[in-house]
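The values are calculated or read from the model by the stated rules, or taken from the named source; none is laboratory data. Quantities reported herein were computed from a predicted structural model and do not represent experimental measurements. Positions of Cβ are generated from backbone atoms using ideal geometry, with glycine treated the same way; all protein chains shown enter the neighbour counts. Just the protein is used for accessible areas: all its heavy atoms, side chains included, with ligands, DNA and RNA removed. Shrake-Rupley method; radii C 1.70, N 1.55, O 1.52, S 1.80 Å.
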Number of protein chains: 4
Amino acid sequence: MRQYPLPASLEPLGALVRVEMAGVCGTDIHLWKGQLPIPRPNILGHETVGRVERLGDSLKQDWTGLPLQVGDRVTWSSSLACGQCFYCREKRQPTRCLNRKAYGISYNCEEPPHCNGGYAEYIYLRPGSAIFKLPEDLSTERVIGAGCALVTAIHGIERMGIDWHDVVVIQGAGPVGLAALAVALDHGASQAIVIGGPEHRLQTARTFGSNECISIDEVSHGQDRVERVRQLTRGFGADVVIECVGLPEAVPEGLEMCRDGARFLVLGHYGDAGPVLLNPHHITRKQLVVYGSWGSEPRHMRQALEFLQARGDRFPFEDLVTHRFPLEKTTEALETTARWKSTKSVVVPGMGK
Amino acid sequence: MRQYPLPASLEPLGALVRVEMAGVCGTDIHLWKGQLPIPRPNILGHETVGRVERLGDSLKQDWTGLPLQVGDRVTWSSSLACGQCFYCREKRQPTRCLNRKAYGISYNCEEPPHCNGGYAEYIYLRPGSAIFKLPEDLSTERVIGAGCALVTAIHGIERMGIDWHDVVVIQGAGPVGLAALAVALDHGASQAIVIGGPEHRLQTARTFGSNECISIDEVSHGQDRVERVRQLTRGFGADVVIECVGLPEAVPEGLEMCRDGARFLVLGHYGDAGPVLLNPHHITRKQLVVYGSWGSEPRHMRQALEFLQARGDRFPFEDLVTHRFPLEKTTEALETTARWKSTKSVVVPGMGK
Amino acid sequence: MRQYPLPASLEPLGALVRVEMAGVCGTDIHLWKGQLPIPRPNILGHETVGRVERLGDSLKQDWTGLPLQVGDRVTWSSSLACGQCFYCREKRQPTRCLNRKAYGISYNCEEPPHCNGGYAEYIYLRPGSAIFKLPEDLSTERVIGAGCALVTAIHGIERMGIDWHDVVVIQGAGPVGLAALAVALDHGASQAIVIGGPEHRLQTARTFGSNECISIDEVSHGQDRVERVRQLTRGFGADVVIECVGLPEAVPEGLEMCRDGARFLVLGHYGDAGPVLLNPHHITRKQLVVYGSWGSEPRHMRQALEFLQARGDRFPFEDLVTHRFPLEKTTEALETTARWKSTKSVVVPGMGK
Amino acid sequence: MRQYPLPASLEPLGALVRVEMAGVCGTDIHLWKGQLPIPRPNILGHETVGRVERLGDSLKQDWTGLPLQVGDRVTWSSSLACGQCFYCREKRQPTRCLNRKAYGISYNCEEPPHCNGGYAEYIYLRPGSAIFKLPEDLSTERVIGAGCALVTAIHGIERMGIDWHDVVVIQGAGPVGLAALAVALDHGASQAIVIGGPEHRLQTARTFGSNECISIDEVSHGQDRVERVRQLTRGFGADVVIECVGLPEAVPEGLEMCRDGARFLVLGHYGDAGPVLLNPHHITRKQLVVYGSWGSEPRHMRQALEFLQARGDRFPFEDLVTHRFPLEKTTEALETTARWKSTKSVVVPGMGK
């Protein structure tokens, strides 16, 4: 725990927010363990809800045009794109912005304005941040329960497309897999098969409406899982397979679950877990299409928030929040997630105060 | 050389064709060497032009509706789809038809009607074959010079899409690479870079209009070729990369030539040349899309023939036919292709008679 | 009522079916009143469920590959495409087949095999018909309640696309409008607004899940309906508007309900109700896209049947069947539909026997 | 002619440009005649090339990242989008920006900074303008000859898509029609038919590579033109029709030139020329898709400039500039265009000095 001064004055389009809850994401574990190159020291935490404490003089509206005031409960896109580089301008792919920064990842907290991550009492939102005022009937728990997994799934599925009536297989039942399941079902998937574990996560998948769950504890061999998927899909395999695991060997296994002409989304490989043997002939012969997708844009956050508000009955993401920790126990929160003991751990700075 | 009887009578929708010219395709080399499982003995040859010798009673029109008569010069799609299976009906992907057959590949020539391949004096076209009458001003050499490479490239590029103004890299300068180059340029690619060899093939690529050729003889290290592509593309890499090589290591090399958000087409892996190490994290982080494509449909043959007729001045595919052999020397034709000595070898049954 | 002989023998791929129920569609009213040119006399009825009475020797499977036997309950696509014309082959648009025929529409019943429509005790299904065996748990009422409206909506929405999270307006609350509503909701529309009447149809729309209904009885001026839509859509208009009315003036009204850049589907104009004044400048300035769609393909029927089976709880199409008539009272069934007194009238040949 | 003071100081991201050439566009005629509502008085001219006279302190690069200096020859996108409204942010349609402004159209020249249009000695480019440095080998005449017609055509065709091998009809042979022709040919259209006049414009269409021209002087009845298109397209009509005329009656005529399933782009209706009778039944029955498109984005200007540089030999847009006028004779330039006497009139402020 370190203490930093709050900014004495705000930039005209900046905002200071008091953190109410911050989620622990799988990427945080990689960052925490030093498996990804980031500036250090660093205040982690890129899934955050808080209350506006102070507003810059010119910041009058949230990203959607709603009036913004001190005291409003808000969340925001964790990343900022420059809007001016090759990818932002010419290719309209701001998630690959050459100057992209992300709260909880890209900033050294020794440098002002210091407060750049969610695992803290306050966070300073720089000019250009995409801030979203939360409606009263959308709980903080649901927003953090969905976390960056939901916007990641929305972006990835937007890129790949799920056609109405598609048969979808989802590899992985963690936050990204469950978010992909919810979004796939809401696209009108005719069948959604989830492969993962442990059992409490599969139970959530069933609550969300998966037609079938394949437990990796019960069906421990990949080839048996492939066989099971084929049995469930008239022998052909799925129209769409979404990888939400992050282990390289999930990719060839998932490709085998594809019918000819299927689409495959590599969604779980935010960390670099190394290469795997793949046979290009299979991609040619089966006429597959393999998609990658990185992060999300502010418009996906807007969609996510409306989705959480409108479909909360069907997809109660707040139930993913299984473990809560005060700010002093952030390390414990990270450990709990690292050990797969929680579905979702969260840090609550005001807890017990 | 074996002798088989011609069919005594034709089915109402069958046709007997006297072969004028048959091309040797890279796949023929794999088949000839026994690297792919096919019935044996087998009359190879799936790129063929001939003259109609006899017509079934009910066969009045070619695939496009033109009247068909004895004496007409024709070509045809090498493969037949059933029109009734899951892939033909529900998924509209006849190239993955569960009952697909191909002339020159799928038939044991010991079984009637015997004449099922192009390396022969006659070939029998079964009911359901997609036959195309050739216009007078479209030479046999140009059709065979383009061969199955052109329809393969048309189908693959249809699946992936080349956007107008895209920067395109083509790995490989054999028949598939040259066909992909022609089709990419005709799509309005703003820049087309060909990587391959030997020099006489690169010369054809230049004739077709490639903006830049990278010789694998001169730039023999993959990483240097990647670097060269980046230099030619403002440092970012290409919008589209088309693999037309068939060696697994071309795939990771090509993926490195992609800008973030690029599309990559695995077009050269008709044979199973084994797996290669690929890193799924790169697909996620760079937001790539990787496409496979298999064979072609009759409508691609129609497009190919019109393209060859209309754009012959710009893309003189007849120049690819560098070596001609009489039927007795078919083995020599295969050897010449296997040794990369020709751009395209062809068998001419009537040669020297 | 006329009597015709049943066919003495069946073609190898033909089938004779005893009709259980046949729906009355809006198009039937146009046909009945002589507003569309068809052969006469004509047995109408193109939405039909029946039991297989006799099977041709070679007809062993339904369109999806399931075994087919005497006694099976079946439905079928009302139209047959030739598979060989310009539209079938080159443009893959069999709904615009140059030789298209439809049961209940295209055949003069004076000519053998006579039994070509649903309003009869038997119907003869010609070779090439797309027959679907119905699962036990899918009721005849639900299939006929959905009728050709559902496959029409599925095809139209496939052509236009509904993006996940789109705001959708549906003009019309008849069978096509209700089917479009169900399919739009199942695509993940974030908001679905139905405009129509009378009240009992709007009640069904609410049951299906529409977020808002605008009654044309209560809001009788078009401009007021446009204003209401804008109020419901942050002032911008909808992402997607689907016209399911059939009156020309619905089109300019619907175009005004579009936000800039929206898509508009003209789905209700099966009959020629004449022209309407439209301003091309509005299409340019608002960057609209206007889609047409005609009929459906067998693969849409397959999707429809699976959808009805899987989503029956959410969309109880059987409730649309409000009026039943024996075969002798078919004229009364047509009159009931013509007068908008029913949501859906059906003919039940075995009724009261 | 009025005199206004140049700005005393520039905003950090503003620039002052000395005008070299400004094109007269058809829209200018509508603006000049008062047919569109704009602030008055107004310095018209939205197609301009000039030299940088002064640069704001922070303006170091052009839109593509090239260094920008005093003396550079530049052009720019005529319109500015806010980047923050519903259309800019959520719908990614900046051409429909709620706060859009355009040089030569949106500004009252009585208000500072006064110099907001191309028909002047100087123009002031505000912060956020998309400025493009012109390469040496791209002539001012070619850029102005292409004018806003080219970026308009690029945007419209991007929205609609032209598939490789499509048969394309272009209604109109003015600047927009000729630009659409060039872009369509470069997309790989298999056939391009231009309908228009007068003869000197058709001659340019032939130079660009149109396969066939239909003169409206020779074929003066719409139905005869429809018939001629059918004759040229195997009786079916075109895959794609692009309206570049601006007269409402061109739309129903063009729709008749469509094959079933075709796409139609309403590109010429920038002015409001009133409504026309259209039959929605034809859109449904023929399964058409009708697109609108408005203006262009900076990325289209970048594509246009690269296209003009790379394809200048094939499409010599400089030849469209048929009439030049000094600044004092701007009214004459407008009159010449209004009377269809020029292909393209331009204003050259430095002419004769």
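For A:LYS33, give me every one of the lysines with a C-alpha distance below 23 angstrom, ignoring sequence neighbours fewer than eight places off in its own chain.
Straight-line reach from A:LYS33, under 23 Å: A:LYS101, A:LYS329, A:LYS341, A:LYS344.
How high is the relative contact order of chain C, in percent, with contacts defined as C-alpha pairs under 8 Å that are six or more residues apart? The partial results should precede the final answer.
Details: 771 pairs, mean separation 66.7, N = 353.
Value for chain C: 19 percent.
Please check which bits of region A:8-41 a label hung off A:VAL70 would reach, taking the label as a point 7 Å along Cα-to-C-beta and the cut-off as backbone N under 13 Å.
A:10, A:16-18
Which pairs break 24 Å Cα to Cα here: C:LYS60/D:LYS286; A:LYS60/D:LYS91; B:LYS91/B:LYS133?
Numbers: C:LYS60/D:LYS286 35 Å; A:LYS60/D:LYS91 22 Å; B:LYS91/B:LYS133 29 Å.
Table pairs above 24 Å Cα-Cα are C:LYS60/D:LYS286; B:LYS91/B:LYS133.
How high is the FRET efficiency between D:GLN203 and D:ASP313 when r is their beta carbon distance and R₀ equals 22 Å, given to the nearest 0.05?
Values: r = 18 Å, r/R0 = 0.80.
In this case the efficiency is close to 0.80.
Mean separation of Cα pairs under 8 Å and 6+ residues apart, divided by the residue count of region A:198-309: what relative contact order is that in percent? If you can, show how the numbers build up before the last one.
Details: 126 pairs, mean separation 21.4, N = 112.
That works out to 19 percent.
With +1 assigned to the C-beta of every Lys and Arg and -1 to the C-beta of every Asp and Glu, and no other charges, what is the dipole magnitude of chain D about the Cα centre in debye, to the nearest 20? Could the numbers behind the result be given before it?
Values: 38 positive and 40 negative charges, 117 e Å.
It comes to approximately 560 debye.
Can you give me the relative contact order of region D:117-275 as a percent, contacts being Cα pairs under 8 Å and 6 or more apart? Walk me through the numbers on the way to the answer.
Details: 257 pairs, mean separation 31.6, N = 159.
Over region D:117-275, the number comes to 20 percent.
Out of the DSSP beta bridges found with both residues in the protein assembly as shown, what percent are antiparallel (nearest 5)?
Numbers: 99 of 203 bridges.
Once the DSSP bridges in the protein assembly as shown are tallied, antiparallel ones form about 50 percent.
With a sphere of radius 10 Å drawn around the Cβ of C:ALA22, what net charge do the other residues whose Cβ falls strictly inside it have (Lys, Arg +1; Asp, Glu -1)? Before the final figure, lay out each step's value.
Working: positive: none; negative: C:GLU20, C:ASP28, C:GLU47.
Here the charged neighbours net out to -3.
Can you list the residues, at least 5 places off or on another chain, whose amide H is less than 5 Å from the amide H of B:GLN191, using H built in the peptide plane?
B:VAL168
Under 5 Å between amide hydrogens, which residues at least 5 positions from A:GLU53 or on another chain qualify, with H placed 1.01 Å from N in the peptide plane?
Here the answer is A:LEU16, A:VAL17, A:ARG18, A:GLY71, since their amide H atoms fall under 5 Å of that of A:GLU53.
Within 10 Å of each Cβ in B:87-98, how many Cβ atoms from other chains are there, averaged over the peptide?
Working: counts 5, 0, 8, 8, 8, 4, 4, 0, 4, 6, 1, 3.
Mean partner shielding for this stretch: 4.
Using a simple charge model, +1 on the beta-carbon of Lys and Arg, -1 on the beta-carbon of Asp and Glu, nothing else, what dipole does the protein assembly as shown show about its Cα centre, in debye to the nearest 20? Don't skip to the answer; put the middle values down first.
On the way: 152 positive and 160 negative charges, 1 e Å.
I would put it at about 0 debye.
Rounded to the nearest 100 Å², what's the accessible area chains D and A bury against each other, both chains counted, probe 1.4 Å?
Working: alone 16390 and 16390 Å², together 31780 Å².
Summed over both sides, the interface buries about 1000 Å².
Which far-off residues, 5 or more places away or on another chain, put their amide H under 5 Å from the one on B:ALA273, with H placed in the peptide plane?
Close amide H contacts, sequence-distant or interchain: A:HIS281.
Just add up the charged neighbours of D:PHE86: K/R +1, D/E -1, any other residue whose Cβ is under 10 Å from the Cβ of D:PHE86.
On the way: positive: C:ARG234, C:ARG259, D:ARG89, D:LYS91, D:ARG96; negative: C:ASP260, D:GLU90.
Charge balance near D:PHE86 sits at +3.
If you count, for every residue in D:262-275, the Cβ atoms of partner chains within 10 Å of its Cβ, what is the mean?
Details: counts 1, 1, 2, 2, 9, 1, 3, 7, 3, 3, 6, 3, 4, 8.
Per residue, the average neighbour count from other chains is 4.
Quick one: if you stick a label point 7 Å off each Cα along the C-beta vector at D:MET1 and C:GLU136, how many nm between them?
9.4
Please figure out what share of the DSSP beta bridges in chain A is antiparallel and state it in percent, rounded to the nearest 5.
Working: 21 of 47 bridges.
DSSP beta bridges in chain A are roughly 45 percent antiparallel.
Of all the accessible heavy-atom surface of the protein assembly as shown, with the other protein chains kept in place and a 1.4 Å probe, what percent is carbon and sulfur? Let's see the in-between values first.
Working: 25400 of 53040 Å².
Of all accessible area on the protein assembly as shown, carbon and sulfur atoms account for 48 percent.
Taking θ = phi - 60°, what integer Hz values does the Karplus form 6.51 cos²θ - 1.76 cosθ + 1.60 yield along region B:45-51, in sequence order, with x for Gly and Pro?
Each residue of region B:45-51 in turn: x, 10, 10, 9, 10, x, 10 Hz.
How many angstrom lie between the Cα centre of region A:210-256 and the Cα centre of region B:190-217?
Between the Cα centre of region A:210-256 and that of region B:190-217, the gap is 42 Å.
What does the charge count near C:VAL70 come to, summing +1 for each Lys or Arg and -1 for each Asp or Glu among other residues with Cβ under 10 Å from its Cβ?
0
Just to confirm, what accessible area per residue do you get for the protein assembly as shown at 1.4 Å probe, in whole Å²?
Values: 53040 Å² over 1412 residues.
The answer is 38 Å² per residue.
Report C:CYS244's accessible area, 1.4 Å probe, all protein chains in place, as a number in Å² to the nearest 10.
Around 20 Å² of this residue is reachable by solvent.
How about region A:197-235: which GluC sites (Glu not before Pro) there are in a DSSP loop, with at most 16 other Cβ atoms within 10 Å of their Cβ? Working shown, then result.
Values: sites: A:GLU199, A:GLU212, A:GLU218, A:GLU227; in loops: A:GLU218.
When the GluC sites (Glu not before Pro) of region A:197-235 are filtered for loop state and at most 16 Cβ neighbours within 10 Å, A:GLU218 remain.
Counting each DSSP H run of 4 or more residues in chain B as -39500 (n - 2.57), what helix-only mean residue ellipticity at 222 nm follows after dividing by all residues, to the nearest 500 deg cm²/dmol? All intermediate terms of the calculation are to be shown ahead of the outcome.
Values: 10 runs with 100 residues, N = 353.
The helix contribution divided over chain B gives -8500 deg cm²/dmol.
Would you please classify the overall shape of the protein assembly as shown from the alpha carbon gyration tensor, given that a ≥ b ≥ c denote the square roots of the eigenvalues, rounded means a/c under 1.5, and beyond that prolate means a/b larger than b/c while oblate covers the rest?
Values: a/c = 1.26, a/b = 1.16, b/c = 1.08.
In terms of gyration-tensor shape, rounded.
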